[in-house]
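Here the structure is laid out as C-alpha cells; the discussion comes afterwards.
Coordinate-derived values only; no laboratory data. Just so we're clear, the structure is a prediction, and the values are computed from it rather than from any experiment. Cβ placement follows ideal geometry from the backbone for every residue including glycine, while neighbour counts extend to all protein chains displayed.
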Ligand SMILES: [Zn+2]
C-alpha cells in the first residue's frame, strides 16, 4: 500500500492565519504524525513535503501520480471571517465513489475520536489536488484556525488529530489499527520480531523478557499454525 500525504501550503504560502498559528505549520506537523502511524502498519508513505517549502498544487499531484500512490490525502486547516465558525469537514471530488468513501472514513474517525468541536460533514469540491490526482483522494479541513476553541485543538491536540486521521485512512484501506508499542520493553535486536509478532497476533508483546512457559510457547505455535491455515 502506498499513501500519499500532502500537508497544505508551505514556504512563501503560510495558508490561513489565526490565534497566532499558521496553517502551513499545523498541516505539516499533523501530516508527519499521520505518516509515522501509517508506516507502523507497513504502509509506504510518500509526502509532498516534509519541510517548510512551497509547492504548486500541480507539483503535489504530479508527485502522487508519478509514485502511483493508492490514495491521496491532503491535510489543511479551515478559516473564516466569522470567528464563530468551527468544526471539521472532509472533501472529496464530485462523483468519486472511492473518494467519498475515503473522506467519510477520515471524517467519521475524527468525529469518533471526540477531538472535534463540531461535525460539518463530508462535502465535495472541485479542488485542484482532488481533481488532478489519479487515485481516490480526500482533503481534510481539521478545524478552524480562526476560531479560539478550534485553534486550541490545532495547537495542543495534534497527536489525537493525527491518530484520528490515520485511523480513518487505515479503515478505508481495510487495515487493522495496531497500538503503538509503547510499553514494549524488549532488547533493540528483538523489536522488529516483536512488532511482527504483535502485528500477526502471535503475542500481545507483554513481558518480553520473561522465560517462556510451555503454555505461552504452545499458544504462539498454535496461533502461528492457525495463521497459516
Ligand atoms: Zn489550506
Original post:
Per Stokes-Einstein, at 4 °C and 1.567 mPa s, what whole-number D in µm² s⁻¹ belongs to the chain, with the Kirkwood radius over Cα pairs as the hydrodynamic radius?
Top reply: 69 µm²/s
Original post:
Considering the Cα trace of the range 188-228, what is its radius of gyration and what is Dmax, both in angstroms?
Top reply: 10.2, 28
**OP:** Return one quarter of the surface area of the convex hull spanned by the alpha-carbon atoms of the range 34-155, equal to its mean projected area, in nm².
**Re:** 7.9 nm²
**OP:** In Å and from the alpha-carbon atoms only, list the Rg and Dmax of the range 109-165.
**Re:** 12.8, 37
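When the helices in the chain are scored as -39500 (n - 2.57) per DSSP H run of 4 or longer and the sum is shared across all residues, what 222 nm value do you end up with, to the nearest 500 deg cm²/dmol?
Values: 8 runs with 99 residues, N = 229.
Computed ellipticity for the chain at 222 nm equals -13500 deg cm²/dmol.
What percent antiparallel are the DSSP beta bridges of the chain, to the nearest 5?
Working: 6 of 26 bridges.
Percent antiparallel among DSSP bridges in the chain is about 25.
By how many nm would the segment from residue 70 to residue 159 lengthen if fully extended, with 0.36 nm per residue of separation less the alpha-carbon distance? Working shown, then result.
Values: separation 89, 0.36 × 89 = 32.04 nm, distance 2.42 nm.
That pair, residue 70 and residue 159, stretches by 29.6 nm at full extension.
At R0 = 22 Å, how high is the FRET efficiency between residue 222 and residue 200 if r is their beta carbon distance? Nearest 0.05 is fine.
On the way: r = 13 Å, r/R0 = 0.59.
In this case the efficiency is close to 0.95.
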Original post:
To the nearest 10 degrees, how steep is helix 158-173 against the longest Cα principal axis of the chain, on a 0 to 90 scale?
Top reply: 70 degrees
Original post:
Comparing 204, 52, 150, which has the greatest mean-square fluctuation in the GNM of the chain with Cα pairs linked when under 10 Å apart?
Top reply: 204
Original post:
Once both labels are modelled 7 Å past Cα along the beta-carbon direction, what's the residue 213-residue 123 spacing in nm?
Top reply: 5.7 nm
**OP:** Please give the helix 214-228 orientation as an angle from the longest Cα principal axis of the chain, in degrees from 0 to 90, rounded to the nearest 10.
**Re:** 60 degrees
**OP:** Can you tell me the 0 to 90 degree angle between the C-alpha axis of helix 57-67 and the longest principal axis of the chain, rounded to 10?
**Re:** 30 degrees
Subject >> Extension gain, residue 42 back to residue 13 (0.36 nm per residue minus Cα-Cα distance, nm) >> reply: 7.2 nm
